Amino acid sequence: MNIDHYIEELKTLVNIDCGTGTITGVAKVAGVIESLWQREGWHTARVDLGANVGPGLFVTNKPEAERFDVLLVGHLDTVFPPGTVAERPLSEDDTRLYGPGVSDMKSGLLNILWAMRALDAGDKARLAIAVAMNPDEETGSVYSHEWIGALAKRARCVLVCEAARADGSLVNARKGMAGYHLTFSGVAAHAGNDPEKGRSAITALANSVIAINGLGDRARGTTLNVGVIQGGSAANVVADRATAELDVRFWENVEYARVNQALIALCEQGFLAGVTTTLTQVNHKPAMATSEATRHLMQQVEAAGKAEGIAITWQAVGGGSDANHTAALGIPTLDGLGPIGAGFHSPAEWLDKASIEPRIRLLKRIISML
């Protein structure tokens, strides 16, 4: 392959500010990707997912197909705010590429394209291939998961092309996640003259953190983290309002059900007399568990790796992706089929240049063996 050509195409994708909330940037990335697929003769369609996010992009070689042999999934958005590209555009050294979204997951999007460019004409004629690229994965795919789920139900299997782990491992299981906002409504009062007339929302919030932490079960991998808190107006005012943001992670979906029920009960009970607590769930991704059908797909991937001389190893990881949603539907799903990278969501994000070509070959081989 022409690695310089690949890097030039990657540069056009990385050097666009496209955090989930930067809707025009996400749409621009979709446009660049769409034009590349159209040049290869594939059918493309923009998907309107509402005014709160950018468009989704659907690509297929057989637009009339009712069923797909494979659904390839990637996301167009990053976590980075406007101005990030100006500060640190795509750069490289002898072994790595750097930049916002370079491995999470602009290179994964590009690897899908390059693998399909290299796919034999016979395989393209034989197989019905679909590609779904969504604009809001980094905020939980709130607006896109139903669209991707509907496509997954029409597919034999799903391959999510997020980056491979730093050691080259692919992903066969992911933690589920749920996000919540808690709002505490108390009674304001002068902290010096009439403290007894107040009902502190901040004290209720503090009590809630202790109670919420107690719901975790580290032995089972269930964790709860109150990561953001706000409240109060001045030190001499009993706070009448406070808010908290909670992240929940779990390997088992039954654990999510337990924690969710317990949170509802705790908030209904309240954490301080005179202070009401409102619980709002803002996102949810079920855990990606390994089924018997998934294990069969793993064997196919391992056979493809053997054919290409690429060692295949597996990891279960704590972060979520769109694989969580498709696996929960019972569709055999694997993840981490992009190039090797790490440092996701940070200025240190990197992509291993030497892994690009082998991972394109691997993806092409997997699909040819379906």
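The values are calculated or read from the model by the stated rules, or taken from the named source; none is laboratory data. Keep in mind the model is a prediction, meaning the values are calculated, not measured. All Cβ positions, glycine included, derive from the backbone under ideal geometry; neighbour counts span all protein chains shown. Please note that ligands, DNA and RNA were not included when accessible areas were found on the heavy atoms of the full protein model with its side chains. Shrake-Rupley method; radii C 1.70, N 1.55, O 1.52, S 1.80 Å.
Please report the Cα spread of the range 1-137 along all three principal axes, rounded to whole Å, starting with the longest.
45, 40, 20
Against the 2.2 N^0.38 Å scaling, with N counting residues, where does the range 321-370 land? I'd like the Cα-based Rg ratio to two decimal places.
Its radius of gyration relative to the 2.2 N^0.38 Å reference: 1.39.
Where does each of 357-363, 46-52 land if you order them by average Cβ count within 10 Å, highest first?
Working: 357-363: 21.6, 46-52: 13.0.
Listed from highest to lowest mean packing, they are 357-363, 46-52.
With Cβ to Cβ distances under 12 Å as the rule, what net charge do the other residues near Leu127 carry (K, R +1; D, E -1)?
+3
For the range 169-276, go through all pairs of different Cα atoms, get the mean of 1/r, take its inverse, and jot down that Kirkwood value in Å.
15.0 Å
Just the Cα atoms of the range 219-301: what Rg and Dmax do they give in Å?
Rg, Dmax (Cα atoms, Å): 18.6, 65.
Using only Cα positions of the range 215-370, each an equal point scatterer, no hydration layer, compute I(q)/I(0) via Debye at q = 0.19 Å⁻¹ and quote the log10 values to two decimals.
-1.26
Which shape class applies to the range 4-48: rounded if a/c is under 1.5, otherwise prolate when a/b exceeds b/c and oblate if not, where a ≥ b ≥ c are the square roots of the Cα gyration tensor eigenvalues?
Details: a/c = 3.87, a/b = 1.11, b/c = 3.50.
Oblate is the answer for the range 4-48, as a/c is 1.5 or above yet b/c matches or exceeds a/b.
Can you give me the pair-distance distribution of the range 202-250, C-alpha pairs, 10 Å bins, whole percents?
24, 45, 22, 9, 1
On the Cα set of the range 280-345, report Rg and Dmax in Å, please.
Cα-based Rg and Dmax for the range 280-345 come out at 13.8, 49 Å.
Which entries of Lys153/Lys353; Lys197/Lys285; Lys153/Lys306; Lys62/Lys175 have Cα-Cα distances beyond 32 Å here?
Too far apart for the 32 Å limit: Lys153/Lys353; Lys197/Lys285; Lys62/Lys175.
Send over a whole-number figure in Å² for the accessible area per residue of the range 261-323, probe 1.4 Å.
Working: 3150 Å² over 63 residues.
Counting only protein heavy atoms, the per-residue value for the range 261-323 is 50 Å².
Can you give the convex hull volume of the alpha carbon atoms of the range 85-213 per residue, in Å³?
For the range 85-213, the hull spanned by Cα atoms encloses 241 Å³ per residue.
Kindly express, to the nearest 10 degrees and within the range 0 to 90, the angle between helix 3-14's C-alpha long axis and the longest C-alpha principal axis of the chain.
It is inclined by approximately 30 degrees.
Given Cβ point charges of +1 (Lys, Arg) and -1 (Asp, Glu) and nothing else, what value in debye, to the nearest 20, does the dipole of the range 1-135 about its Cα centre take?
In debye, rounded to 20, the range 1-135 gives about 260.
Stokes-Einstein D for the chain at 4 °C, 1.567 mPa s, Kirkwood Rh over Cα pairs, in µm²/s?
The Stokes-Einstein estimate is 59 µm²/s.
Around Ala189, what is the net charge, scoring Lys/Arg as +1 and Asp/Glu as -1 over all other residues with Cβ under 11 Å from its Cβ?
-1
Relative to the Cα centre, what is the charge dipole magnitude of the chain, using +1 at the beta carbon of each Lys and Arg, -1 at the beta carbon of each Asp and Glu, and rounding to the nearest 20 debye?
680 debye
Can you tell me the mean projection area, over all orientations, of the convex hull of the range 261-312's alpha carbons? Units nm², please. Walk me through the numbers before you get to the answer.
Numbers: hull surface 25.5 nm².
It is 6.4 nm².
Once you have the Cα-Cα distance between Lys306 and Ser91, take 0.36 nm times their residue separation minus that, and quote the gain in nm to one decimal. Display every interim value, and only then the final one.
On the way: separation 215, 0.36 × 215 = 77.40 nm, distance 3.27 nm.
So the chain would gain 74.1 nm between Lys306 and Ser91.
State the percentage of accessible surface on the chain attributable to carbon and sulfur atoms; use a 1.4 Å probe and exclude ligands, DNA and RNA.
51 percent
Using the beta-carbon distance between Trp314 and Ser346 and R0 = 22 Å, what value does 1/(1 + (r/R0)^6) give for FRET efficiency, to the nearest 0.05? Don't skip to the end; give the middle numbers.
Working: r = 24 Å, r/R0 = 1.11.
It comes to 0.35.
Quick one: P(r) of the range 32-87 from all Cα-Cα pairs, 10 Å bins, percents rounded to integers, in order of increasing distance.
17, 42, 30, 9, 2
So how strong a dipole does the range 38-102 carry about its Cα centre when Lys and Arg Cβ are +1 and Asp and Glu Cβ are -1, to the nearest 20 debye?
Details: 6 positive and 10 negative charges, 29 e Å.
It works out to roughly 140 debye.
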